[in-house]
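The values are calculated or read from the model by the stated rules, or taken from the named source; none is laboratory data. Since the model is a prediction, treat every value here as computed from it, not as a measurement. We place every Cβ from the backbone using ideal geometry, glycine too, and count neighbours over all the protein chains shown.
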Amino acid sequence: MMRAVPSSLSDPLDFSGVRLAYDTVAQDYAEHLPDTRAEVPLDLAMIDSFAETVAARDDPRVLDAGCGAGRMSRYLAERGCVVCGIDLSPRMVAMARRDHPDLPFTVGSLTCLPYPDGQFAGVMLWYSIIHTPPAGLPRIFAETARVLRLGGHLLVGFQAGAGTRDVSAAYRRFGHEIQLERHLYTPDHVAERIKATGLREVCRTVRGAQGKERDDQAVLLAKAS
Ligand SMILES: C[S@@+](CC[C@H](N)C(=O)[O-])C[C@H]1O[C@@H](n2cnc3c(N)ncnc32)[C@H](O)[C@@H]1O
């Protein structure tokens with residue numbers, strides 16, 4: 001049985017439990033969520049707008065930060081972005097490399113991005129901040145702001161609300177005994193953390209839960225200017 005320490009009880013920058021959990025479920029995650037079937041048209045509208053804006057830049061490099069098995073990297077690449085992905089979990093990255101061999105993927109943490117300042121026209125954090133406790137967010141947003149170039153855009157998707165949810169049970173039906181929690185954030189909280197890095201909010205959507213979702217869903221678009 002795999003056990004991870006709930007992140008709320010540990011160092012906010014210690015993601016060893018999250019890494020262990022995603023390493024355990026990586027193959028099933030890649031199989032059951034290979035594309036954007038979980039996103040609703042409103043989510044895709046925000047992603048499409050982000051992708052279109054970035055793809056129009058002279059150097060449209062985008063970082064899919066917390067890329068998982070690479071499904072959103074593929075989506076952005078199909079829209080003209082030059083994408084690379086990074087993820088904490090070596091097994092998730094292995095799935096991304098297997099399923100998207102034409103795209104580059106790296107193992108690494110959002111808290112210490114292995115890229116120079118101003119490298120990207122876009123950074124996407126698609127449901128990848130959700131395992132970070134509040135005290136860890138400033139570091140992640142500082143890193144994403146650092147690697148964004150002037151005029152670049154940041155897109156963040158997350159469950160909106162407060163507190164935490166245990167998501168271990170969702171993986172039990174696949175036979176995985178992991179321990180994993182996610183944090184809910186209000187859009188204002190995330191917007192404040194982003195603003196503190198010097199980025200300017202461009203737009204946000206907040207929608208009600210649909211289908212099997214348990215929470216409202218938020219997407220924030222911000223610009224480095
Ligand atoms: C819910 S999955 C989303 C994956 C992908 N963005 C998608 O939409 O399919 C969360 C991902 O974020 C990654 N992650 C969580 N915290 C991270 C961190 N500090 N650094 C890098 N990746 C992280 C996990 O390993 C996992 O692959």
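Below are the figures for this structure:
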{"read-out": "Positions within segment 185-225 being more than 14 Å from Gly161 (Cα to Cα), among the β-branched types (Val, Ile, Thr) and part of a loop (DSSP other than H, G, I, E, B), in sequence order", "value": "Thr197"}
{"read-out": "Condition broken by Ser73, with the remaining ones in (1) buried (at least 22 other Cβ atoms within 10 Å of the Cβ); (2) closer than 20 Å to Arg182 by Cα satisfied", "value": "(2)"}
{"read-out": "Hits in segment 111-139 (condition: buried (at least 24 other Cβ atoms within 10 Å of the Cβ) and more than 11 Å from the ligand (Cβ to nearest atom))", "value": "Phe120, Ala121, Gly122, Val123"}
{"read-out": "Of all residues in segment 48-90 being of a type in the set (Val, Ile, Thr) and within 15 Å of the ligand (Cβ to nearest atom), the one that is nearest to Asp117 (Cα to Cα)", "value": "Val62"}
{"read-out": "Test for Arg97: is it over 26 Å from Tyr185 (Cα atoms) and out of contact with any helix residue (DSSP H, G or I) (no Cβ under 7 Å at 6 or more places or on another chain)", "value": "yes"}
{"read-out": "Any hit, segment 18-29, residues being part of a loop (DSSP other than H, G, I, E, B), within 9 Å of the ligand (Cβ to nearest atom), in contact with a helix residue (DSSP H, G or I) (Cβ under 6 Å, 6 or more places away or on another chain) and not charged (D, E, K, R)", "value": "no"}
{"read-out": "Any hit, segment 197-209, residues being over 19 Å from Arg57 (Cβ atoms) and buried (at least 18 other Cβ atoms within 10 Å of the Cβ)", "value": "yes"}
{"read-out": "Lone qualifier among Asp14, Asp48, Asp87, Asp64 - being at pLDDT 95 or above and surrounded by fewer than 16 Cβ atoms within 10 Å (Cβ to Cβ)", "value": "Asp48"}
{"read-out": "Residues satisfying the stated conditions in segment 165-192, i.e. small (Gly, Ala, Ser) and surrounded by 15 or more Cβ atoms within 10 Å (Cβ to Cβ)", "value": "Ser168, Ala170, Ala191"}
{"read-out": "Only one of Gly161, Gly118, Gly136, Gly122 that is touching a residue at least 60 places away in the same chain (Cβ under 8 Å) and within 26 Å of Asp48 (Cβ to Cβ)", "value": "Gly122"}
